[in-house]
Amino acid sequence: MKSLSDPRFLAVYSGSVTAALLVLLLSGSSPAGGKKASFDEIEVKRINVVEPDGTLRLVISDKARFPGLIMKGKERQYDRKTTGFLFYNDEGTENGGLIFGGARGPDGKVSAGGSLTFDQYEQDQVVQLMQSEDNGKRSAGLWVNDAPEIAMDLDASAKLAAMKDGPEKDAEAAKYRKLYGLKNRIFAGKNGDHSAAIVLRDREARKRIVIQVAPDGTPGLQFLDENGKVTAQFPPEKS
């Protein structure tokens with residue numbers, strides 16, 4: 001038997017103990033398994049929150065590691081060029097998120113925004129709180145949307161996102177919107193022209209009631225038919 005004072009034995013023993021302590025520290029538990037780790041500050045590039053069975057429930061990520069489209073644990077490549085949080089339901093399917101960003105481009109123009117969304121089951125956002133700024137035009141508001149009853153085709157969505165810009169992609173995008181596109185029902189917020197409005201739409205996303213304060217401060221109320229014709233308004237249009 002080697003002596004406990006043997007330098008090689010002490011080196012191996014010391015290394016083993018150090019490794020064990022590092023594992024315990026990083027796992028956030030004591031040898032008894034009952035103590036949680038506490039940090040004053042951490043710096044990470046992505047955090048995945050999972051259930052005991054491994055089901056993904058929340059991702060916090062930078063732009064470089066932001067997830068693609070995930071449905072029931074299966075991920076499809078989809079470059080969203082954003083950062084933030086993504087929420088997942090009990091089945092590991094994306095069902096909303098909080099994204100944000102902003103920068104001034106080389107041309108001096110600002111592009112910025114943030115969006116908090118909640119999705120219909122296996123579909124896109126039916127509630128969205130969003131702010132955006134693009135070259136001096138700023139809008140912000142609440143959108144309530146209708147989504148199709150059928151599940152979103154993530155493979156088709158990822159394929160569309162990967163296509164090069166051009167007529168072929170535009171044609172495919174039109175087909176995709178017809179099958180899976182959202183239809184806005186309610187908007188309440190401010191527009192890029194400095195007006196403020198509440199817009200109510202029918203199931204075909206046609207404006208039917210518009211309450212608006214124009215950029216010059218003039219208020220108004222309009223009722224429209226399915227063809228977009230104003231049937232009544234207040235104050236009445238001047239002859």
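The values are calculated or read from the model by the stated rules, or taken from the named source; none is laboratory data. Please read all numbers here as calculations on a predicted model, not as lab measurements. Neighbour counts are summed over all protein chains in view; Cβ atoms, including those assigned to glycine, are modelled from backbone coordinates with ideal geometry. SASA here: full protein model, heavy atoms, side chains in, ligands and nucleic acids out. Shrake-Rupley method; radii C 1.70, N 1.55, O 1.52, S 1.80 Å.
In the chain, helical runs assigned H by DSSP with n ≥ 4 each contribute -39500 (n - 2.57); averaged across all residues and rounded to the nearest 500, the mean residue ellipticity at 222 nm is -6000 deg cm²/dmol. Overall shape: oblate for the range 98-206, with the ratio a/c of the largest to smallest alpha carbon gyration tensor axis at 1.5 or above and b/c at least equal to a/b. Given R0 = 22 Å, the distance between the Cβ atoms of Lys159 and Lys72 translates into a calculated FRET efficiency of 0.75.
The calculated FRET efficiency for Leu221 paired with Lys137, based on their beta-carbon distance and R0 = 41 Å, is about 0.95.
The magnitude of the dipole of the range 89-152, with charges of +1 and -1 set on the Cβ of Lys/Arg and Asp/Glu and taken from the Cα centre, is near 660 debye. If you plug the beta carbon distance of Ser38 and Asp90 into 1/(1 + (r/R0)^6) with R0 = 30 Å, you get a FRET efficiency near 0.55. Within the range 145-178, list the residues whose amide N lies under 13 Å from a label point set 7 Å along Cα→Cβ of Arg46. Within reach of a label on Arg46: no residues. Ranked from largest to smallest solvent-accessible area, with a 1.4 Å probe on the protein heavy atoms, Val110, Val59, Val213 come out as Val213, Val110, Val59.
Long hydrophobic helices in the chain: the complete DSSP H runs spanning 24 Å or more by Cα along their own axis with mean Kyte-Doolittle hydropathy of at least -1.0 are 7-27.
Under 16 Å from a label point 7 Å along Cα→Cβ of Arg177: give me every residue in the range 151-169 with its amide N that close. Label zone hits: 157, 160-161, 165-169.
Assuming charge only on the beta carbon of Lys and Arg (+1) and of Asp and Glu (-1), the dipole of the range 27-131 about its Cα centre is about 340 debye to the nearest 20.
Shape class for the range 42-154, computed from the alpha carbon gyration tensor (a ≥ b ≥ c): oblate, with a/c not under 1.5 and a/b at or below b/c.
Note on the chain: with charges restricted to the Cβ of Lys and Arg (+1) and Asp and Glu (-1), its dipole about the Cα centre is near 320 debye.
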